[in-house]
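Asks: This structure is in structure tokens; I'll ask about it shortly.
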Amino acid sequence: MSTSDIQRLLRKNICELQPYSSARHEFHGEASIYLDANENPHPYPYNRYPDPFQRQLKVCLSEKKRIAVDRIFLGNGSDEVIDLLIRAFCDPQKDSIVTLIPSYGMYEVAAQVNDVDCIKVPLADRFQLNPDALLRAVIPDRTKIAFLCSPNNPTGNLLDRTAVRTVLENFSGIVVIDEAYIDFASAPSMVGFQDEYPHLVVMQTLSKAWGAAGIRLGIAFASPQIVNVLSRIKIPYNISQLTQEYALRLLADTVTMERNLRSILEEREMLRTALSASPYNFNVYPSDANYLLVDVGNAEEYYRRLIAQGIVVRNRSNIALCEGCLRITVGTPEENKTLLHALHNPPVSK
């Protein structure tokens with residue numbers, strides 16, 4: 001897909017949009033006196049607006065991810081990126097997106113909020129992508145975005161890369177690969193495919209492996225053209241100064257992240273082995289994420305048993321293909337031991 005093809009996919013009003021220009025858009029650099037943005041002049045810790053382009057943070061991410069700054073867009077969580085992509089490319093009451101089921105529910109929610117249809121294609125055996133089924137579900141000239149979560153939530157598995165490439169080579173819209181859990185996976189990111197596929201957008205986050213869900217920082221890697229579109233339609237100051245500062249401190253401490261990542265991977269294997277064996281004998285699906293999808297049979301009973309003992313997991317039994325399943329996040333070693341005990345021992349009635 002060429003640059004002109006991406007331009008063709010955009011909504012007409014987005015192409016013609018004159019973006020809002022804030023004071024910090026018009027002046028770049030440092031000054032001794034700022035009288036341009038109607039800020040409080042007194043030296044409160046955060047009396048100034050944050051950098052709307054997040055330049056310092058993007059340079060840091062560029063160095064870590066080895067990707068050009070002009071290919072990075074930062075959102076208030078990945079949810080903002082999802083919403084902006086739909087708003088940029090999908091006309092309400094006309095266009096559609098396509099995604100998988102089961103998968104991350106915000107793709108459908110964001111589509112509904114924007115009055116855009118969501119086509120859901122069931123996963124095939126072993127929760128894998130059937131590219132032919134997805135491509136058959138596409139409505140020509142109407143289905144503008146395909147959202148593929150890999151590792152997939154809630155199933156935990158990476159999508160087969162050959163199947164993903166089939167979609168990339170045959171779908172004429174934007175293909176979004178949501179890699180929120182890629183740091184826990186056995187395969188590298190698909191960011192490296194973007195030169196080959198300009199319509200590929202890869203989303204990542206600091207919420208999972210980096211342990212910073214509370215700062216709400218989502219990352220999109222895309223062609224400079226797509227990044228420019230998202231930058232034009234976002235709110236002016238979508239990433240707070242506090243978030244930018246904390247993210248920079250966090251990214252400087254790779255040692256701690258890697259240590260915690262190793263612990264999670266070790267505990268994931270421990271839980272998988274334990275839950276598959278006696279006395280549990282549950283069906284534990286393979287995972288490339290920081291959680292396990294576990295078929296416990298009577299999911300509601302086990303869910304309530306755990307709640308009664310102060311342990312919260314996610315009951316996914318009401319989702320297609322996940323009947324009888326709990327999604328269990330990998331905790332600390334102590335939390336995981338408590339979980340195993342609680343699953344085997346129902347609470348004592350008072």
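Asks: I need the calculated FRET efficiency for the pair Glu266 and Asn47, taking r as the beta carbon distance and R₀ as 41 Å, to the nearest 0.05.
Replies: Numbers: r = 45 Å, r/R0 = 1.10.
It comes out at approximately 0.35.
Asks: Which value does Rg/Rh take for the range 181-263 over its C-alpha atoms, Rh per Kirkwood?
Replies: Working: Rg = 14.4 Å, Rh = 14.5 Å.
Value, to two decimals: 1.00.
Asks: Determine one quarter of the surface area of the Cα convex hull of the chain, which equals its mean projected area, and express it in nm² to one decimal.
Replies: On the way: hull surface 82.9 nm².
Mean projected area for the chain: 20.7 nm², to one decimal.
Asks: Hey, any idea what Rg/Rh is for the range 255-344, computing Rh the Kirkwood way over Cα pairs? Please list the in-between numbers first.
Replies: Numbers: Rg = 12.8 Å, Rh = 13.3 Å.
Ratio of gyration radius to Kirkwood radius: 0.97.
Asks: Please report how far the C-alpha centroid of the range 208-251 lies from that of the range 1-69, rounded to the nearest whole angstrom.
Replies: Going from one Cα centre to the other spans 11 Å.
Asks: Right, something else. Ranking Ser150, Ser223 by Cβ neighbours within 10 Å, fewest first, what do you get? Intermediate values should be presented prior to the final figure.
Replies: On the way: Ser150 28, Ser223 20.
Ordered by Cβ neighbours within 10 Å, fewest first: Ser223, Ser150.
Asks: Further question on the same structure: For the chain, list the DSSP H helices whose alpha carbon atoms reach 18 Å or more along the long axis and whose average Kyte-Doolittle value is -0.5 or above?
Replies: Numbers: long enough: 77-89 (19 Å, 0.71); 254-276 (33 Å, -0.42).
Taking the DSSP H segments of the chain (at least 18 Å long, mean hydropathy at least -0.5), we get 77-89, 254-276.
Asks: On to the next question. Send over the per residue convex hull volume for the range 1-139, Cα only, as a whole number of Å³. Intermediate results must be reported in sequence, preceding the final value.
Replies: Working: hull volume 26.9 nm³, N = 139.
Convex hull of Cα atoms, per residue: 194 Å³.
Asks: Packing-wise, with mean Cβ within 10 Å as the measure, how do 79-90, 128-139 rank, highest first?
Replies: Top of the packing list down: 79-90, 128-139.
Asks: Taking a virtual spin label 7 Å from the Cα of Glu301 along the C-beta vector, which residues in the range 313-350 bring their backbone nitrogen under 14 Å of it?
Replies: Answer for the range 313-350: 324-325, 343-347.
Asks: Per DSSP H run of at least 4 residues, take -39500 (n - 2.57); add these up for the chain, divide by its residues and hand me the 222 nm value, nearest 500 deg cm²/dmol. Each step should come with its number before you reach the end.
Replies: Values: 13 runs with 130 residues, N = 350.
Dividing the helical sum by the residues of the chain leaves -11000 deg cm²/dmol.
Asks: Can you give me the distance in nm between label points at Gln241 and Glu169, each placed 7 Å from the Cα along the Cα-to-Cβ direction?
Replies: 5.1
Asks: Between the alpha-carbon centers of the range 75-112 and the range 113-177, tell me the distance in whole angstrom.
Replies: Going from one Cα centre to the other spans 13 Å.
Asks: Put one equal scatterer on each alpha carbon of the range 1-75, apply the Debye formula with no solvent term, and list log10 I(q)/I(0) at q = 0.17, 0.19, 0.25, 0.27 1/Å to two decimals.
Replies: Each listed q corresponds, in turn, to -0.93, -1.03, -1.16, -1.20.
Asks: To the nearest Å, what is the center-to-center distance of the range 257-303 and the range 322-342, using C-alpha atoms only?
Replies: Result: 6 Å between the Cα centres.
Asks: If the cut-off is 29 Å between C-alpha atoms, which lysines fall inside it for Lys337, apart from same-chain ones fewer than 8 positions away?
Replies: The reachable lysines, counting only those whose Cα sits under 29 Å from Lys337, are Lys208, Lys350.
Asks: Based on the mean of other beta carbon atoms within 10 Å per residue, what is the order of 266-277, 151-162, most packed first? Mind dumping the intermediate values first?
Replies: On the way: 266-277: 16.2, 151-162: 21.0.
Ranking the peptides 266-277, 151-162 by packing returns 151-162, 266-277.
Asks: Lysines near Lys234 by alpha-carbon distance under 20 Å, same-chain residues fewer than 8 away left out - which ones?
Replies: The reachable lysines, counting only those whose Cα sits under 20 Å from Lys234, are Lys12, Lys58, Lys144.
Quick note: the coordinates plus some simple rules give every number you see, no bench work behind them. Everything quoted here is computed from the prediction, not taken from an experiment. Quick reminder, even Gly has a Cβ in these numbers, built from the backbone with ideal geometry, and neighbours come from all protein chains shown.
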